[in-house]
Amino acid sequence: MQDKTFAFGSWVYNPLKDFTADEVNTWKEFGLNVTVTPMLQYGRDDLREMIPFLDKAAENGIRLIVFIGGISYGDLAHIGEEEYRKRFTEVYNIYKGHPALEGFVIGDEPNGIKAMDATKAAVRIQLEVAPELDPYINFQGSTYARSNNFREGETYEQWFHNFVKETGVRKICFDTYNSTINYEGIPWQLMEIREMVSVCEKEGVEAWVTLLCSGHLAYHAPSEYEQCMQVHSAAALGCKGVTWFRMYDRDIAPEYSGSPIDEFGNRTEAFNGMMRVMRRFSLQYGEIFMKLKRTKTYRIGKKDGGYPEFTEGCHDVIKSIDCLDDLIVSFFEDPDGREYMVLVNLSLDIRYAALTINLYEGKGSLYISILNGKNEEELGTGSAADGQYLRPGELRLYRVERK
């Protein structure tokens, strides 16, 4: 099920009773288009109270991932597959066919063999009952490195292959927050995205990533430049959606802070910055990125994330990129075989990264592409003649045209 635009959403841990359906207007204004709902609890709440939110989402062109406590992988592990199927079918029938329904939350960060098995079973059952929906599961970004998740002799790649084969899952999400510890954490975040996206691409699964916007533990609330870098690097490395952790602070969790909306319902400084990051990306790149397939990623500078360095000979048209700062250099292909290059500035502590792109003579041209490919300007002519300057965290898209 291919989305038409890059997905932006958020985890919402508040109960549904904290909101009215008009809150969907805020999600739309913020820049969300596929997002998790506030929570209702199976067996305690009237699950039909979610329907006005779905109706309002449909009016706003937003799809919702409905969060119902009682149908998680943890619940399946407790009640068994047969009872879980009955329960999920009951929940699904309440919302079945609603145009704003994306899927249901299965859970967050399964850890250990029992939880991983329950996750696989829950995804399989949900897709058997509701094959038109996409269940939502969020894995830890370090899942691949945690041997306690897999049976003796089983690799992460083997487990993921079987997960896809046995369930038919089309999308998965994973979280990674290391860049919000300090700048030294950026390569670790890139590495986790590389490991998780690589198995998704191999199995034909759409990869989403949960990124951090709430400060807690060793993680600080990121600046607008850092939010920009997180979104743009995720897209450049092959992700097709972002879920934020998290949009709302709560008064029962004072150790969390800096979310876009504080525990008193006020918009914080982060709200407008994140809104700009998401809405700008959607305006310039949200549609075209959904059509692009990543073919190769390199890096320039020290923040490698396990990606090779871009040097002369890596590409047949682009000879070199002269830059003293840290860059992601990714290549993509669209369905018509056109090639694109994506650059992301990973250096956040300077005003901009200055770079020069050198082409092999007579091999081709580069076109700066904006507005989802509707506006292009050849590099080396007009306003694009005097070098390239990328703000901290900025993404730049170029179309490669061979001669």
All lysines inside 19 Å of K363 as judged from Cα atoms, apart from same-chain residues fewer than 8 positions distant: K319, K403
Spelling it out for L101: with amide H atoms placed in the peptide plane at 1.01 Å from N, the residues 5 or more places away or on another chain with amide H under 5 Å from its amide H are L64
Measuring from a point 7 Å past the Cα of K86 along Cα-to-C-beta, which residues in the stretch 42-69 have an amide N at less than 16 Å? 43
I need the calculated FRET efficiency for the pair L283 and E157, taking r as the beta carbon distance and R₀ as 30 Å, to the nearest 0.05. 0.25
Whole-Hz couplings from phi, Karplus 6.51/-1.76/1.60, listed for the stretch 358-365; x for Gly and Pro: 9, 9, 5, 4, x, 8, x, 9
Packing-wise, with mean Cβ within 10 Å as the measure, how do 271-279, 3-11 rank, highest first? 3-11, 271-279
Gain in span if fully extended, E333 to A218, counting 0.36 nm per residue against the direct Cα distance: 37.6 nm
Treating the beta-carbon of each Lys and Arg as +1 and of each Asp and Glu as -1, no other charges, what is the dipole magnitude of the stretch 89-245 about its Cα centre, to the nearest 20 debye? 220
With angles folded into 0 to 90 degrees, how steeply does helix 113-129 sit against the dominant principal axis of the chain? Use alpha carbons for both and round to 10. 80
Express the carbon and sulfur contribution to the solvent-accessible surface of the chain as a percent, rounded to the nearest whole number, probe 1.4 angstrom. 47
Sticking with the crude label model, points 7 Å out along Cα→Cβ, report the distance from I181 to N148 in nm, one decimal please. 1.8
With both partners inside the chain, how many of the DSSP beta bridges are antiparallel, as a percent to the nearest 5? 55
Under 18 Å Cα to Cα from K302, which aspartates and glutamates show up? Leave out anything in the same chain fewer than 8 places away. E184, E192, E226, E312, D322, D325, D326, D349, E394
Relative to the first principal axis of the alpha-carbon coordinates of the chain, what is the inclination of helix 186-203, with its axis defined by its Cα atoms, in degrees from 0 to 90 and to the nearest 10? 70
What's the FRET efficiency of Y352 with E401 using the Cβ-Cβ distance as r and R₀ = 41 Å, to the nearest 0.05? 0.95
Can you list the aspartates and glutamates whose alpha carbon sits under 18 Å from that of K291, skipping same-chain ones fewer than 8 residues off? D3, E201, E203, E206, E333, D334, D336, E339, E376, E401
Integer Hz, Karplus 6.51/-1.76/1.60 couplings in order for the stretch 100-110, x for Gly and Pro: 8, 7, 8, x, 10, 6, 9, x, 10, 6, x
So the angle from the long Cα axis of helix 224-236 to the longest Cα principal axis of the chain, reported in degrees to the nearest 10, equals 90
Taking H78, H161 and ranking on accessible area (1.4 Å, protein atoms only), highest first, one gets H78, H161
Which whole-number value in Å² is the accessible area per residue of the stretch 71-209, probe 1.4 Å? 40
Residue-normalised value, i.e. accessible area per residue, for the stretch 260-346 at 1.4 Å probe, in Å², stands at 47
Long-range HN-HN contacts of K296 with modeled amide H, under 5 Å: F331
Could you work out the relative contact order of the chain, using alpha carbon pairs under 8 angstrom and six or more residues apart, expressed as a whole percent? 13
Sequence-distant residues sharing a close amide H with E394 (under 5 Å, placed H): N345
Above 18 angstrom, tally the Cα pairs of the stretch 1-51 and express them as a % of all pairs, no decimals. 38
Under a plain spin-label model, where a point goes 7 Å from the Cα along Cα-to-Cβ, how far apart in nm are E203 and E309? 3.5
How high is the FRET efficiency from Y389 to K293, r the C-beta distance, R0 35 Å, rounded to 0.05? 0.80
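The values are calculated or read from the model by the stated rules, or taken from the named source; none is laboratory data. Quick caveat, the model's predicted, so the values are computed rather than measured. All Cβ positions, even for glycine, are placed from backbone atoms using ideal geometry, and neighbour counts span all protein chains on display. Ligands, DNA and RNA are stripped out before the accessible areas are found, and what is left, the full protein with its side chains, is counted by its heavy atoms. Shrake-Rupley method; radii C 1.70, N 1.55, O 1.52, S 1.80 Å.
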